[in-house]
Amino acid sequence: MSLPGGGFPPPFCHIGVVDENGRSLMWQAWSMAGACVVVDLFMLVFINSAGADGRWVAVLVVITAATDLALAGPPKSAELVAVLRAAVVVLVPLLLRQPYLFEIPISPGQMVAGYRAGAWLRFPAALRALAALALAILGYALVRGGWWLDHLWAAGFIAVGIAFVPWMVGRSITSHLAHLSRLELLAERRAAAVSRAVAEERSAIARDLHDVISHHVSAISMHAGVARMELAGAAPAGPASAAHRSMSEVEDASRSAMADLRRMLDVLHGQDPSPDRRQPGLGDIDELLDRVRAAGPTVHLTVEGDVGRLPAALDLAAYRILQEALTNALRHGDGGQVTAWIGRADGRLALEVGNTLGAPPRRDPASPGRGLAGVRQRVALHGGEFRCGPSGDGRVWRLAVRLPVGDES
């Protein structure tokens, strides 16, 4: 990200923080500086100092080594190091009277100094460092004279190439890294905003479920319990026994609904359901059938294969599908026979429910009939197959589902 004045943060400058990555980058910086010292001193001693005064050679050795080692220094020293490297470019021909290799005033330390200035400095300071490096090459041309003075325009191009290219590479790379950092920061902020929005929406839904549904279900449970006790006290046997059983079923059903509601609230709040609020599965199918039988219909269940060991999500989905199918049989059937079949074979779980149909039901505006849509969504979520509809003569309604169990090895 950009600093005030147009600069960029150094790649591994973390004030007050030295982590493992920072130590690794510092080691790399010192290794780079050491390599520059070795190469620059080799060029100075064995190429530029032939026939030169040994005292000046020693002075330049010290200056060159010091400026190259400074390349591993803090970012704020980048401008000073660039100026010192520029001075070395002019001092070599001025004191030693010897040209650079191939008459090109270029060295590793000089290139790295230009890169650091472009990458780490704010724009005004970076521009000053660039100017110093470029002017040093022009100064070299003036000191050497000869061909350089005859082709001063070429010296200008060489100055641009040697000084500007490393400087621009450093500036471009750091700008690119800053842009990537901004994109990552924006992505993190957006993800956090989405997470907050989802959490708030889930909390709102949980509150609405609790405020709207639990009140009515609790009232049903309370009134059913009172009615059962009143009926038991008024007529403990005989004509009141059927009403007593009916009220007991209403009470049990409302308590089961409250348990399911609490499980939903736990999920919506992002909490793990309590151990005593276990999600139902096919192991609870007998209890479900008993509640349906208590309402009047005769229910026959056939189970084929091992349906007791299913993935938790699939087990819950199968239970909810059967629950919806049996509920529809109660609502739309004629109160007669209901058949249910559960089978598992060849890596698939099959569920089928059939019931005789009664008179066409009157549409209840308070119950728009979302049950089959919910079954279809559950089946699609598990990659299964779903079919439902009346028989050819219109007397029986059938629902059939096939769900893949997965790897059974």
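The values are calculated or read from the model by the stated rules, or taken from the named source; none is laboratory data. All figures in this text were calculated on a predicted structure; none of them were measured in a lab. Neighbour counts are summed over all protein chains in view; Cβ atoms, including those assigned to glycine, are modelled from backbone coordinates with ideal geometry.
Tabulated values for the structure
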item	result
Close pairs from region 63-85: first assigned by TED's automatic domain parsing to the domain that holds G139 and on the phi < 0 side of the Ramachandran plot, partner acidic (D, E) and buried (at least 19 other Cβ atoms within 10 Å of the Cβ), Cβ under 6 Å, at least 6 apart	T64/D40; D68/D40
Tally of residues being assigned by TED's automatic domain parsing to the domain that holds T356 and within 19 Å of V401 (Cα to Cα) across region 281-317	19
Unique match (being modelled with pLDDT of 85 or more, among the aliphatic types (A, V, I, L, M) and not in a helix (DSSP H, G or I)) among L322, L310	L310
Those helices (runs of 4 or more DSSP H) lying entirely in region 123-192 with at least 2 residues free of Cβ contacts under 8 Å to residues at least 60 places away in the same chain and aliphatic (A, V, I, L, M)	123-144, 152-159
Tally of residues being charged (D, E, K, R) and at pLDDT below 90 across region 325-361	3
Any chance D252 is within 30 Å of D346 (Cβ to Cβ), of a type in the set (D, E, K, R) and modelled with pLDDT of 70 or more	no
Region 322-333 residues that are among the acidic types (D, E), paired with ones that are surrounded by fewer than 21 Cβ atoms within 10 Å (Cβ to Cβ) and at pLDDT below 85 (beta carbon under 6 Å, 6 or more apart)	E324/G371
